[in-house]
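Engineer: Quick one: this structure, given as structure tokens, is what I'll be asking you about.
The values are calculated or read from the model by the stated rules, or taken from the named source; none is laboratory data. Given the structure is predicted, the values throughout are model-derived calculations rather than measurements. Here Cβ is always computed from backbone atoms with ideal geometry, including for glycine, and neighbour counts include all displayed protein chains.
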Amino acid sequence: MTIGSMRAISSSLLGGAALSALAIADPAAAQEASRATSLEEIRVEGEGRGSGGGSGDGTARGPVDGYVAKRSSAGTKTDTPILETPRSVEVIGRQELEDRAVTTIPEAVRYSPGVTTNGSGFDPRFDQIAIRGFPVNTFGDYKDGLRQAQGSFATFRTEPFQLERIDIIKGPAAVLYGQMTPGGLINRISKRPTDTPQFEAIGTIASTGRYEAGVDASGPLNADRTLMGRVVALGRVGELDFDARDDRMLLAPSFTWAPTDETRLTVYGVIQKDETESNIAVLNRPVTLDIINIRASDPKYDYLKQKQYQAGYEFEHAFDETFTVRSNARYNYLDMTARYLTGGVLGGGFDPARPNVYRRGSFAIDETVEATQIDNQLQAKFDTGAVRHTMLFGLDHQWSRSEQGQGQLAANPNYEIDVTAPVFGLSGPTPSIQRKDAVSIRQLGVYAQDQISFDRWRLTAGVRHDWASRKAENIYALAGAPGGAANGVRADRDDDAFSYNVGLLYAFDNGFSPYVSYATSFLPSSSKGSQGELLKPTEGEQIEGGVKFQPPGSKSLFTAAVYKLTEKNAVRAVPATTYSIAIGEIETFGVELGARANLAQGFDLIAAYNYNDAEITKDQRVPDPANPGGFRDNVGNQPVVTPKHTASLWADYTFEMGALDGFGLGAGVRYVGKSFGDSANSVKNDAYTLLDAGARYDFGKANPKLKGLMASVNATNLADKDAPVCNLGRCYLSQGRTVIGTLRYRW
């Protein structure tokens, strides 16, 4: 390694290191806070129906050919074959997203083993996703390798039309990504500029009264193709189920400068404006939670409006065959306002004197979220005798701050609703903000990973150390508002954590790859204890063993995994108080089976099954109302909305000859087993099964002049089945039958 190379590497890392060092030096900020061979990069031309063509960023982050990806960078942050990654990784490509007419991220991942969605029923505000029983909505939400920081109520939303693929990591991944939930993460990978011209236009109409149009244009901007650009734009107006608005405007430009094969810089931005609903929960009787299929709020009064902005860069430079540096950074800003009607205010709820009358008041929320992330990496590929190494060293830093305001008005007779003769169309004033709270998070992490290859053995080992600061403060509270006038009250906590993982895999020549792995995670808490202090971090650990199988020369991938996943110091709210304690523990034993198979030319299949036996093994003791003077806890019970059994199957066939040449058909079934709506397991959610279907036609098969023109019709929840789900006193239904017609033109 030359002195010049060392200087170049130091220069590339200097920006991130300086930013992180400045944060630590500032006292106020500190309080807040592949195979391992020298394979050349493979560039691919998009070949599947879902790919627009053009070159990707290598197969680890670029377009997926069909339903099965061969490589992913999510589990290692390097270009590594999935068959040689000793942990569970799943990839959903563009073709699958289009064949199933995916419109949200939960819709995209719900056919993946170990992944459950809409754990609290259909709710358009959030991307409700759990992996192996643990929610990943907040600290498992990643985009282009960087976390999308979320607020207490507001969340960054991701439009699937903007994405090239979605990578899923199952189990703790703190070594590479820092503080996170033990379940894993969802990495949404954006479309990037291509060195070949391409254009796509879509228009959709949904049975709920939703209309959408989008454009995706990409290609070189100069003769030697060293400068490329791409613009993804989308507009949507209309409604979802339950009279919920679903309006969106999206503009996502990106530009790539690649002066040589060794250097690539991409800069990008996202502007997105959304409007939907704040509360589409259905009414339920207290205690018994008997569900009344009537919306708890009013669609005329209710809204959630937000604007979000993101800007960032992705840089990579290879000095030679040994050393490569990468730097990825992004700035994020979100502004949200919302209001809704609810019985959860003074004087609200069912009227004891009039059992069919539900009394409602109004609630308002506003929130801003600002965040920055940067991840700097140095990769070194080299041999030590017969042993090959791909070493990765990283320095990352993330900061976020959310400020949330709340206001409410007591129950208003004008907002009462009689469940025997409900009347909607009510409106009224928005409550003024009475209380404002802020949460600031800062994290600096250093990590190292070595992927070792010896003969057919693959050993991956990584270590990481994090310094995390968190500050929760009450900015102001008006006298008489809930919480009192505790202006200026704050709580700080600084933590440091050591995380590590190790995995061993043997890649047989016949396509079998058995493996074992162990990984840990940590997650600082923003919940407060009895003295107003922030609680200690939640910790996670997982032991996993499995096997992956890809028949040589095939486009199929079969996986099986067995895991034991433990969450320690889980936060538990103390009943009848405003504080929590961190003594909970959950142990999960699970089995996952998955298949992505190309059974014949044009015939693709996705199958998934998950057995997830989760149990609360530690919990706080609370007074037992049924036993005066006695106590009870929830040890031995099943955690909230964590079904033991889930299964899904999607089959898709495209005719490639004869009179039906160009036609495609798809059908899917999703099963979610029974679960419980509270930790005491006194409220049961029944199992349910939902059906999906789709059909499409490629007009270019009948007339070459119409090449690139395709029409499709898809239906979700084909049987229009209501599947109620209750979670800690609130009940929601599944999204009703939705039929979407799409016209797509690509050239």
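Engineer: From the residues in region 181-202 that are buried (at least 21 other Cβ atoms within 10 Å of the Cβ) and over 12 Å from the mean Cα position of the chain (by Cα), which one is farthest from D127 (Cα to Cα)?
Structural biologist: T194
Engineer: Next up: Between T158, T138, which is polar (S, T, N, Q), under 21 Å from A329 (Cα atoms), in a loop (DSSP other than H, G, I, E, B) and modelled with pLDDT of 95 or more?
Structural biologist: Just one listed residue meets the conditions, T158.
Engineer: Could you tell me how many of the residues in region 168-188 are outside any loop (DSSP other than H, G, I, E, B) and touching a Leu at 6+ places or on another chain (Cβ under 6 Å)? It would help to see each step written out before you state the result.
Structural biologist: Initial filter on region 168-188 (outside any loop (DSSP other than H, G, I, E, B)): 168-170, 174-177, 184-188.
If we keep only those that are touching a Leu at 6+ places or on another chain (Cβ under 6 Å) too, we end up with 169, 188.
Result for region 168-188: 2.
Engineer: If I filter region 672-700 down to residues being in contact with a His (Cβ under 9 Å, 6 or more places away or on another chain) and surrounded by 16 or more Cβ atoms within 10 Å (Cβ to Cβ), which single residue comes out as nearest to V102 (Cα to Cα)? It would help to see each step written out before you state the result.
Structural biologist: We begin by selecting, within region 672-700, every residue in contact with a His (Cβ under 9 Å, 6 or more places away or on another chain); these are 672-674, 687.
Next, only the ones that are surrounded by 16 or more Cβ atoms within 10 Å (Cβ to Cβ) stay: 672-673.
On the way: V672: 19, G673: 23 Å.
Step by step, filter region 672-700, then rank; the result is V672.
Engineer: Taking into account only those residues within region 636-664 that are of a type in the set (A, V, I, L, M) and exposed (fewer than 15 other Cβ atoms within 10 Å of the Cβ), which is farthest from the chain's Cα centre (by Cα)? Even if it seems obvious, please write down each step before you answer.
Structural biologist: Let us first name the residues in region 636-664 that are of a type in the set (A, V, I, L, M), namely 640-641, 647, 649, 651, 657, 659-660.
Checking which are exposed (fewer than 15 other Cβ atoms within 10 Å of the Cβ) leaves us with 657, 659-660.
Numbers: M657: 39, A659: 42, L660: 38 Å.
By that ranking, first place goes to A659.
Engineer: When S362 is evaluated against the numbered criteria (1) within 26 Å of Q310 (Cβ to Cβ); (2) of a type in the set (S, T, N, Q); (3) surrounded by 21 or more Cβ atoms within 10 Å (Cβ to Cβ), which criterion, by number, is the only one it fails?
Structural biologist: (1)
Engineer: Something else now. Any chance you could count how many residues in region 296-336 are within 26 Å of R401 (Cβ to Cβ) and of a type in the set (A, V, I, L, M)?
Structural biologist: 5
Engineer: Tell me which of these N293 doesn't satisfy, since it passes every other one: (1) modelled with pLDDT of 95 or more; (2) part of a strand (DSSP E or B); (3) of a type outside the set (A, V, I, L, M).
Structural biologist: Of (1) modelled with pLDDT of 95 or more; (2) part of a strand (DSSP E or B); (3) of a type outside the set (A, V, I, L, M), only one is false for N293: (1).
Engineer: Identify all residues within region 189-212 that are touching a Leu at 6+ places or on another chain (Cβ under 9 Å) and within 30 Å of G462 (Cα to Cα); write none if there are none.
Structural biologist: I189, S190, K191, listed by residue number.
Engineer: Further question on the same structure: Suppose the filter is under 18 Å from Y745 (Cα atoms), of a type outside the set (F, W, Y), assigned to a loop (DSSP other than H, G, I, E, B) and in contact with a strand residue (DSSP E or B) (Cβ under 9 Å, 6 or more places away or on another chain); does T196 pass it? Walk me through it before giving the result.
Structural biologist: On the way: under 18 Å from Y745 (Cα atoms): yes; of a type outside the set (F, W, Y): yes; assigned to a loop (DSSP other than H, G, I, E, B): yes; in contact with a strand residue (DSSP E or B) (Cβ under 9 Å, 6 or more places away or on another chain): yes.
Yes.
Engineer: Considering each of A108, A149 in turn, give the residue that is at pLDDT 95 or above, buried (at least 23 other Cβ atoms within 10 Å of the Cβ) and farther than 20 Å from A561 by Cα. Step through it out loud before you land on a result.
Structural biologist: Details: A149 fails: at pLDDT 95 or above.
Exactly one residue qualifies, and that residue is A108.
Engineer: Take D604 and tell me if it is part of a loop (DSSP other than H, G, I, E, B), more than 30 Å from D437 (Cα to Cα) and either of a type in the set (D, E, K, R) or touching a helix residue (DSSP H, G or I) at 6+ places or on another chain (Cβ under 6 Å) (or both). Talk me through it step by step, then tell me what you get.
Structural biologist: Details: part of a loop (DSSP other than H, G, I, E, B): no; more than 30 Å from D437 (Cα to Cα): yes; either of a type in the set (D, E, K, R) or touching a helix residue (DSSP H, G or I) at 6+ places or on another chain (Cβ under 6 Å) (or both): yes.
In short, no.
Engineer: Check whether at least one residue in region 571-593 is touching an Asp or Glu at 6+ places or on another chain (Cβ under 8 Å), more than 30 Å from W467 (Cα to Cα) and part of a loop (DSSP other than H, G, I, E, B), and report yes or no.
Structural biologist: Taking region 571-593 as the starting set, the residues that turn out to be touching an Asp or Glu at 6+ places or on another chain (Cβ under 8 Å) are 572, 583-590.
With the extra rule that they be more than 30 Å from W467 (Cα to Cα), the set shrinks to 589-590.
Imposing the further condition that a residue be part of a loop (DSSP other than H, G, I, E, B) reduces the set to none.
Looking for residues that are touching an Asp or Glu at 6+ places or on another chain (Cβ under 8 Å), more than 30 Å from W467 (Cα to Cα) and part of a loop (DSSP other than H, G, I, E, B), one finds none in region 571-593, hence no.
Engineer: Does L265 satisfy being crowded, with 21+ Cβ neighbours inside 10 Å and at pLDDT 95 or above? It would help to see each step written out before you state the result.
Structural biologist: Values: crowded, with 21+ Cβ neighbours inside 10 Å: no; at pLDDT 95 or above: yes.
Here the answer is no, as L265 does not meet what is asked.
Engineer: Those residues that are farther than 24 Å from Q404 by Cβ and of a type in the set (K, R), I need them from region 341-369; list them, please.
Structural biologist: Listed by number, the residues that qualify are R354, R359.
Engineer: So, in region 248-265, how many residues would count as being assigned to a strand (DSSP E or B) and out of contact with any Lys or Arg (no Cβ under 6 Å at 6 or more places or on another chain)?
Structural biologist: 12
Engineer: May I pose another question? Take I205 and decide whether it is closer than 19 Å to Y331 by Cα and in a strand (DSSP E or B).
Structural biologist: Details: closer than 19 Å to Y331 by Cα: no; in a strand (DSSP E or B): yes.
Spelling it out, it is not the case that I205 is closer than 19 Å to Y331 by Cα and in a strand (DSSP E or B).
Engineer: Ok, one more. I'd like to check something: does region 173-190 contain any residue that is out of contact with any His (no Cβ under 6 Å at 6 or more places or on another chain), polar (S, T, N, Q) and at pLDDT 95 or above?
Structural biologist: At the first step, the residues of region 173-190 found to be out of contact with any His (no Cβ under 6 Å at 6 or more places or on another chain) are 173-190.
Now narrow it down to the ones that are polar (S, T, N, Q): 179, 181, 187, 190.
Among the residues that remain, those that are also at pLDDT 95 or above are: 187, 190.
Yes, that holds for at least one residue.
Engineer: Which residue pairs have Cβ atoms under 6 Å apart, sit 6 or more places apart or on different chains, and have a first residue in region 411-438 that is at pLDDT 95 or above and a second that is in a loop (DSSP other than H, G, I, E, B) and small (G, A, S)?
Structural biologist: A411/G347; A411/G348
Engineer: Anything in region 255-311 that is of a type in the set (K, R) and under 30 Å from Q735 (Cα atoms)? List them, or say none.
Structural biologist: Taking region 255-311 as the starting set, the residues that turn out to be of a type in the set (K, R) are 264, 273, 285, 295, 300, 305, 307.
Residues satisfying the conditions are K273, R285, R295, K300, K305, K307.
Engineer: Pull out all pairs, ordered by first then second residue, where Cβ-Cβ is under 9 Å, the residues are six or more apart or on different chains, the first lies in region 717-729 and is under 16 Å from S207 (Cα atoms) and buried (at least 19 other Cβ atoms within 10 Å of the Cβ), and the second is among the polar types (S, T, N, Q) and modelled with pLDDT under 90.
Structural biologist: Sorted first by the residue in region 717-729, then by its partner, the pairs are N717/S734; N717/Q735.
Engineer: Looking at (1) under 30 Å from P704 (Cα atoms); (2) surrounded by fewer than 16 Cβ atoms within 10 Å (Cβ to Cβ); (3) within 25 Å of the chain's Cα centre (by Cα), can you tell me which one D613 breaks?
Structural biologist: Result: D613 passes all but (1).
Engineer: Do we have any residue at all in region 432-447 that's of a type in the set (S, T, Y), surrounded by fewer than 21 Cβ atoms within 10 Å (Cβ to Cβ) and not in a strand (DSSP E or B)?
Structural biologist: Within region 432-447, the subset of a type in the set (S, T, Y) is 432, 440, 447.
Filter again for surrounded by fewer than 21 Cβ atoms within 10 Å (Cβ to Cβ), leaving 432.
If we keep only those that are not in a strand (DSSP E or B) too, we end up with 432.
Among the residues of region 432-447, at least one is of a type in the set (S, T, Y), surrounded by fewer than 21 Cβ atoms within 10 Å (Cβ to Cβ) and not in a strand (DSSP E or B), which makes the answer yes.
Engineer: So, D241, is that one within 26 Å of Y111 (Cβ to Cβ), acidic (D, E), within 21 Å of the chain's Cα centre (by Cα) and buried (at least 18 other Cβ atoms within 10 Å of the Cβ) or not? Working first, answer last.
Structural biologist: Numbers: within 26 Å of Y111 (Cβ to Cβ): yes; acidic (D, E): yes; within 21 Å of the chain's Cα centre (by Cα): no; buried (at least 18 other Cβ atoms within 10 Å of the Cβ): yes.
So D241 fails the test.
Engineer: Looking only at residues in region 700-731 that are assigned to a loop (DSSP other than H, G, I, E, B) and of a type in the set (K, R), which one is nearest to the chain's Cα centre (by Cα)? Outline the logic, then answer.
Structural biologist: Let us first name the residues in region 700-731 that are assigned to a loop (DSSP other than H, G, I, E, B), namely 702-703, 707-708, 717-724, 728-729.
From the residues that got through so far, the ones that are of a type in the set (K, R) too are 707, 721.
On the way: K707: 35, K721: 26 Å.
Per the criteria, the residue is K721.
Engineer: Which one is surrounded by the fewest Cβ atoms within 10 Å (Cβ to Cβ) among residues in region 379-415 that are among the small types (G, A, S) and more than 31 Å from the chain's Cα centre (by Cα)? Before you say what the answer is, go through the steps one by one.
Structural biologist: We begin by selecting, within region 379-415, every residue among the small types (G, A, S); these are 380, 385-386, 394, 400, 402, 405, 407, 410-411.
Next, from what is left, pick out any that are more than 31 Å from the chain's Cα centre (by Cα): 385-386, 410-411.
Details: G385: 6, A386: 8, A410: 12, A411: 22.
The selected residue is G385.
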